[in-house]
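Scroll down for the structure; my scribbles are underneath it.
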Amino acid sequence: MSASQWRRAMNSGASAAFKTMPAASARTSGAAGASATPVTETVPRLEALRRAVSLRHVVVLACLLVFPFVATPFITFQVASQALVLGLIALSLTFLGGYGGMISLAQMTVAGMAGYALAVLGSSSAAEISLGWPWWAAIPVALLICALAATLIGWLSVRTEGIYTIMITLAIGVAFYYLVLQNYSVFNGFQGLREIYPPKVLGIAWRDPLPFYFLTLVCALAGYGVVRWVVRAPFGIALQGIRDNPRRMNALGFHVVAHRVAAYALAGVIAAVGGILFAWYNGLVTPGSVSMSWLINILVIAVLGGMKHPLGAFLGAIVFVLLQTFAIDLIDRERFNLVIGGVFLAIVLFSPDGLLGLWEKLRLRLASRRSLSSNQRRQK
């Protein structure tokens, strides 16, 4: 039994109940021979869109659109664009962990695969390695390769839970790191592949700060929208049920393994898009891009923002990039990771649900104080 079948069954049951209601009301009122018609209210599409898109979404989008015109090119490219790219990769982990209950440390590995696939299929500094495909052919093939790789990673890890899933995905990430580090014929070893730049389309140099920012913004909004839509679809609802109680969902007829593997595939595509943007941002892809430190950094970003919120991935990325960029002004360059680690520990200790969870606690506390003060004024 699939989620769509379950939904149709529930809808048919609800419609049957509506059909019995008019007859019952007619018998109750005592009207003989009168036929009653069920009254159903349909919500217009514009009303549904208005409910989905609130005022705060419009304000945030307006701020994002205006931001690059008031910020310096350094802030636009080094901070904002990098935060959007890392947030997109962390979004794939947030989707798996927050809605699927699967913590994968291989999301940066999938992103690195996308960067390497783009460099090998497209163009790079190593002309003897790169095949020179046009960008409109190299990008879809790179995404397909990453989707297949993520599906394989999911198939290997979904039969485990908890620490075992983390260890399997970590082992896959470390294995891929040593593969690209020691292979020179395809991945060019520790030097990696350089001069990986976005193509010029419509006469626009997309690696310039302003065009690259809007490119990453569109991709980030698309990824955020896809995740928000999926988690409300029957597949996403079933995935959350599997997260909470896989045995019960299996007893209801849902294929637990298939749902989890499909979630890995979707998260792999999101991470792959972020990996391509990350390769374009750096202009290269090296074994350092898929090292263990970056595997952990993506987890730190997701936890900082909040694993239960898609927006938390981008919020955590902003905090991480700001600390990474400006922490060297507060502490020695070789020890600036202490600042990042300290902030991470403080947020986790005070709010296990990240910054968004801390904001929710503060909001509820303020709301409770307001209601208490209003009740006291009424009593007086």
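The numbers here are math on the coordinates, done by the rules we state, and not lab data. All values reported here derive from a predicted model rather than from experimental measurement. Backbone-built Cβ (ideal geometry, glycine too); neighbour counts: all protein chains shown.
Toward the positive end of the charge dipole of the stretch 71-364, about the Cα centre and with charges on Cβ (Lys, Arg +1; Asp, Glu -1), which of Ile153, Ala117, Pro209 goes farthest? After comparing all options, I get Ile153. Between Arg377 and Ile331, the contour length at 0.36 nm per residue exceeds the Cα-Cα span by 11.5 nm. Extension gain for the segment Trp229 to Leu61, taken as residue separation times 0.36 nm less the Cα-Cα distance, is 58.7 nm to one decimal. Each of Thr216, Thr72, Thr165, Thr109 was scored by other Cβ atoms within 10 Å of its Cβ. Arranged with the fewest first, they read Thr72, Thr165, Thr216, Thr109. Shape class for the stretch 71-364, computed from the alpha carbon gyration tensor (a ≥ b ≥ c): oblate, with a/c not under 1.5 and a/b at or below b/c. Each part gets one Cα centre, and for the stretch 262-336 versus the stretch 80-141 those centres are 12 Å apart. Here the extension length gained between Val201 and Ala175 equals 5.7 nm, from 0.36 nm per residue of separation less the Cα-Cα distance.
What the Cβ-Cβ distance of Val218 and Ser185 gives, at R0 = 35 Å and to the nearest 0.05, is a FRET efficiency of 0.45. Summarising the label geometry, the points placed 7 Å from Cα in the beta-carbon direction at Glu360 and Trp136 lie 4.4 nm from one another.
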